[in-house]
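The values are calculated or read from the model by the stated rules, or taken from the named source; none is laboratory data. Source: prediction; values computed, not measured. Here the Cβ positions follow ideal geometry from the backbone for every residue, glycine too, while neighbour counts run over all protein chains shown.
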Amino acid sequence: MQAGRNDSGGETMQLDAELLNTVRGSADVIDRERALPGHLVDALHDAGAFRALIPRACGGLETPLPDYLDTVRELAMADASTAWCVNQGAVIGTTTLWLPLDAIHELWANPRQCVANGPPLETRLEATAAGGRVTGRWGFSSGCRHALTMTGAVRRADDGAWRVVFFPVARAAFEDDWHTAGLRGTGSLRFSVNELVVPERFVTNLAARPTVDSPLIRLATGLVFAVTFASLALGVARRGLDITLELASEKKPIYARDALREDPTVHDRLGRLEARWRAAQAYLREDVHAVWEAIHHQDAMSEAQRARWRLAGTHVLREAVDAMRGAYEICGSTAIYAGDPLHRPWQDMQVIAQHVQARAQYYAFSGRYLTGHPYEYGPLS
């Protein structure tokens, strides 16, 4: 992965053949160890992957979001867990930009900085003279095994208001509950702290104005996750479709009259799946580009833009899941074996399908807004 200038003034992440080969060559280790191996993490750091969205003034690449989505999609075609860890670290890393400037520079001065987080389960923040005392548990901390800094939302004990705290990974206790069928390499463990004193400059309020401004910071973080994970899912689905197309050129199913490449039913299904994938990609690209261009001239996303990304993120991710399901069905019993090329992306996609960003309820959320009801703000909207 190399950085190159673009018309927006940022640096575009470009996946080179060497890095992609390193990702593909690490696939078995990633799955077996349930973590990205050290040599791959080093290569990703050297490429600036985990600081892709951080402004250049703070030590990042400041990659324009549309370019970043293309990179995530291509990386997901090589390995879903690697793409997931990169995306999780890159997006959640931008929440450091609400910290005081000296804290931001301190964190990103480390060339191996990577931030991991997880949704809050039970949390409590008590005010102290030094900052705050935190007790809490969080789940799904993707990438925590190569992170240097952990972050999580906590509730203040006095008024119930939400704050976000940052602390070194060594201060957290981890519970290894990540025994899953797919996305095994994300190592998304639970973590906790008990009466951890966090300095005031590492406690922040994401509802306030950020310390550092950039077009990306004006976007809602939950919705940046929505569109980036949708692009990631498209990459996994693209890999599944490509594997299926290759298999169709040579497989003749048992008891079938025709080989797959001669079967009109397979022709029809493949054509429909390809059309759905291309339509989903075009839909996501159009909506991301439109809002990205507009946000350069706005202080924050409008409700209409939020609703647009909420619907696009949900629909594109679910279309990618359906494309993978169709590819799996075409491949038949071949794909059920662990050594088959389709088996792992299929398993990865089943975990992606269960993510909160893929909930079908967001169709109704979007439809309610479109019919004139008030917009409902939330962690993912």
Legend entry - Qualifying positions in segment 264-286 - modelled with pLDDT under 95 and closer than 14 Å to Arg325 by Cβ: Arg269, Leu270
Legend entry - Selection from segment 149-167 of residues that are part of a loop (DSSP other than H, G, I, E, B) and in contact with a Lys or Arg (Cβ under 9 Å, 6 or more places away or on another chain): Ala157, Ala161
Inset, instruction - With the checklist (1) of a type in the set (D, E, K, R); (2) in contact (Cβ under 8 Å) with a residue 60 or more places away in the chain; (3) closer than 28 Å to Ala259 by Cβ in hand, flag the one item Arg310 doesn't pass. - result: (3)
Legend entry - Residues that are part of a loop (DSSP other than H, G, I, E, B) and more than 17 Å from Ile92 (Cβ to Cβ), drawn from segment 128-148: Thr128, Ala129, Ala130
Inset, instruction - Mind telling me which of the residues Phe166, Phe140 ends up being of a type outside the set (Val, Ile, Thr), at negative phi and in contact with a helix residue (DSSP H, G or I) (Cβ under 9 Å, 6 or more places away or on another chain)? - result: Phe166
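How many residues does segment 265-307 hold that are hydrophobic (A, V, I, L, M, F, W, C) and in contact (Cβ under 8 Å) with a residue 60 or more places away in the chain?
Step one: list which residues in segment 265-307 are hydrophobic (A, V, I, L, M, F, W, C), which gives 266, 270, 273, 275, 277, 279-280, 282, 284, 288, 290-292, 294-295, 300-301, 304, 307.
Checking which are in contact (Cβ under 8 Å) with a residue 60 or more places away in the chain leaves us with 266, 270, 284, 288, 291-292, 295, 300-301, 307.
Count: 10.
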Legend entry - Gly182 vs. criteria crowded, with 19+ Cβ neighbours inside 10 Å, in contact with a Ser or Thr (Cβ under 8 Å, 6 or more places away or on another chain) and either part of a helix (DSSP H, G or I) or not acidic (Asp, Glu) (or both): no
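Of these, Arg344, Arg308, Arg325, which one is basic (Lys, Arg), closer than 30 Å to His373 by Cα, in a helix (DSSP H, G or I) and assigned by TED's automatic domain parsing to the domain that holds His267?
Arg308
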Inset, instruction - For Ala338, work out the one condition from (1) surrounded by fewer than 20 Cβ atoms within 10 Å (Cβ to Cβ); (2) at pLDDT below 95; (3) in a helix (DSSP H, G or I); (4) aliphatic (A, V, I, L, M) it doesn't fulfil. - result: (3)
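Let me confirm something: among Gly313, Gly271, which residue is surrounded by fewer than 18 Cβ atoms within 10 Å (Cβ to Cβ) and small (Gly, Ala, Ser)?
Gly271
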Legend entry - Among (1) of a type outside the set (Lys, Arg); (2) over 16 Å from the mean Cα position of the chain (by Cα); (3) surrounded by fewer than 17 Cβ atoms within 10 Å (Cβ to Cβ); (4) in the same structural domain as Phe174 (by TED's automatic domain parsing), the one test that Gly132 misses: (3)
Legend entry - Whichever residue in segment 105-129 is among the charged types (D, E, K, R) and surrounded by 14 or more Cβ atoms within 10 Å (Cβ to Cβ) and, among such residues, is farthest from the chain's Cα centre (by Cα): Glu126
